[in-house]
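So the structure is just underneath, and the comments pick up after that.
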Amino acid sequence: MHMNLDILIGLSIGVLLGGFVYARLRSGGSKREYQTIREKAEVESREVRLTLREERANLELAYNSKESELQREIAKRTDQLDATEREQVRMAELSEERLASLMQREKAIKQVQSQVEEAEHEAEKKRRLYNMKLHQIAQMDTEQARQHLIRTTERDCAQELEDLRKHYLGKTESELSEEARRVLLASMQRITSQPMNDATATVVSLPSEEMKGRIIGREGRNIRTFEHSTGTTLMIDETPDSVLISCFDPVRREIARIALEALLRDGRIHPASIEETVIAAEEEMNNTVIELGEGAIRELRLSNVHPEVVSTLGKLHYRLSNNQNTLAHSVEVANLCALIASEIGMDTTLAKRAGLFHDIGKAIDEAYCGSHAIVGADVIKQHGEDARVVNAVAAHHKEVEPESAYAGLVMVADSLSAVRPGARASSIDGFIQRVRSIEEIALKQHGVSDAYAIQAGREVRVIVEPEVIGDEEARQIARKIRASIEDELNYPGSIEITVIREQRFSETAV
């Protein structure tokens, strides 16, 4: 690099001097001019040399900086390589230690195996010796001796086995099944309450057609006030001498009915009287539901029930499930629980409370989230109900795990009350349509050849093609049918799905 700079400096000076000489000879000027030109050339030559020296210094500085940076990078890489090498050495040493440990364990295992083989060999020798001695003494081989021992033991222990069976089992399965049927039938036959009730009246009769106009009022003020106060909808159509009250909440619908009938009796219908009448109807309704709840409690001879629970219980009177009054259903379930509990030796009072409160969640408003079983259990728990009763209410639809026999008792009584003949009304057309819908849902599945709804629609038998559907697929079909029935149909009780996959092979010998 130094040589290149000197050559560049020399070439620059030579070029400048040559230019000056050429200019001097060509111009033919005086010696002074030549001297002046020479001086300028020397000055410019010095400037060029200074510039070149400065460039040379900058290049040397950059070179030294780059060289230092490369040396640092080399040192860093060297340190990394050294660390990696040390780690590899450490891992190799660790591997050697583990290998040595494994070899020691393998050696110990081989020693244990050798000892076990020796012990087995010794045991086999003793077994053969004992067999020879046994054969010499009893003149029997091993199988004969075993059979003789079995027969002798059975004969000697027959009576003890029979006594143990009676002690631990007590009764045979057939006797237990017969006893269970007797208890359930006796409990059902002793229930005389009438589960069928008329639907809550939603049609109010009018004394005359002109009352429709008075109910509507000028520019609809009266009907708007009534609907706003009661939370219902009045449907006034061409039906003569009647109006229809529409509302999802049956309690509000009943309050509206009471208020409207009071207004019709009074004859004064205007916004102020409507609001006063609705307030009076709400008070009357509150008193009515308390009386209904207290009546149910008195009928069951229960005590220590929180007033809030009593009021909520009375609201069940205005709720129906397939035309079965929910309060009457709850009282019936409570009686069934008590009767079954008395037969099997359980606390009848707890059984009654669990049966009476099992559907109380259906009367709780939308402020609570969750199924009626969970919501009802939370409400009675807040008011100090027994933990066994709370669990029975929460578990009667199998949403939580049952913690006592009272949960199973409520499940049985609830099913008995819902499915026994006459408990829930169903028209013949609705029944036929439900049965057809069940069969259609089953026939939609791939590989199903036939489906039959039996036992009044409480069971469906599904026959699949065995060449197309395997065992696991048949199980999946049963699950799909169950999910579809639960999503698409409204039905009381439960429906059992049975999928049949059968192959038959026959030959005739002639």
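Amide H contacts of GLU459 (H built 1.01 Å from N, in plane; Pro and chain starts excluded): ILE454, GLU496 sit under 5 Å, all sequence-distant by 5 or more or on other chains. From the cross-link list LYS362/LYS444; LYS212/LYS315; LYS352/LYS444; LYS40/LYS66, which pairs have alpha carbons spaced over 32 Å apart? Pairs exceeding the cut-off: LYS362/LYS444; LYS352/LYS444; LYS40/LYS66. Scanning residues 5 or more positions from VAL499 or on other chains, those with amide H under 5 Å from its amide H are VAL462, with H placed 1.01 Å from N in the peptide plane.
For the range 395-404, backbone phi angles converted through the Karplus equation (6.51, -1.76, 1.60; θ = phi - 60°) give residue-by-residue couplings of 9, 6, 10, 6, 7, 10, 6, x, 10, 8 Hz, Gly and Pro being listed as x. FRET efficiency for the pair ARG46 and LYS76, taken as 1/(1 + (r/R0)^6) with r the Cβ-Cβ distance and R0 = 35 Å, rounds to 0.20. For the pair ARG224 and CYS369, a Förster radius of 22 Å applied to the C-beta separation gives a FRET efficiency near 0.10, rounded to the nearest 0.05.
Note on LYS125: lysines with a C-alpha under 23 Å away, same-chain residues under 8 apart excluded, are LYS110, LYS133. Net charge in the neighbourhood of LEU489 (other residues with Cβ under 13 Å of its Cβ; Lys, Arg +1, Asp, Glu -1) is -1. What's the local net charge at THR153, with K and R +1, D and E -1, over the other residues with C-beta under 14 Å away? The answer is 0.
Scoring 250-258, 472-480, 299-307 by mean Cβ neighbours within 10 Å over their residues and listing the highest first yields 250-258, 472-480, 299-307.
Treating r as the C-beta distance of ALA180 and ARG298 and R0 as 30 Å, the FRET efficiency rounds to 0.45.
Each residue of the range 89-96 is assigned a 3J(HN,Hα), and the resulting list reads 5, 5, 5, 5, 5, 5, 4, 5 Hz, derived from the Karplus form 6.51 cos²θ - 1.76 cosθ + 1.60 (θ = phi - 60°), x at Gly and Pro.
For the range 46-57, backbone phi angles converted through the Karplus equation (6.51, -1.76, 1.60; θ = phi - 60°) give residue-by-residue couplings of 5, 5, 5, 5, 5, 4, 5, 5, 4, 4, 5, 5 Hz, Gly and Pro being listed as x. Highest mean packing first, where packing is the average number of other Cβ atoms within 10 Å per residue, the peptides 441-447, 381-387 line up as 441-447, 381-387. Computed extension length for PHE248-ARG265: 3.5 nm, one decimal, from 0.36 nm per residue of separation with the Cα-Cα distance subtracted. Here's the picture: a label point sits 7 Å out from the Cα of GLU343 along the beta-carbon direction, and within the range 393-410 the residues with their amide nitrogen under 14 Å of it are 409-410.
For the range 323-419, averaging the sequence separation of C-alpha pairs within contact (under 8 Å, six or more residues apart) and dividing by the residue count gives a relative contact order of 27 percent. Distances between placed amide hydrogens fall under 5 Å for SER242 paired with LEU206, all partners being 5 or more residues away or on another chain.
Laboratory data are not the source of any read-out in this text; all were calculated from the coordinates shown. Predicted, not measured: the structure shown is a model, and the values here were computed from it. Counting neighbours? That spans all protein chains shown, and the Cβs are built from the backbone with ideal geometry, glycine included.
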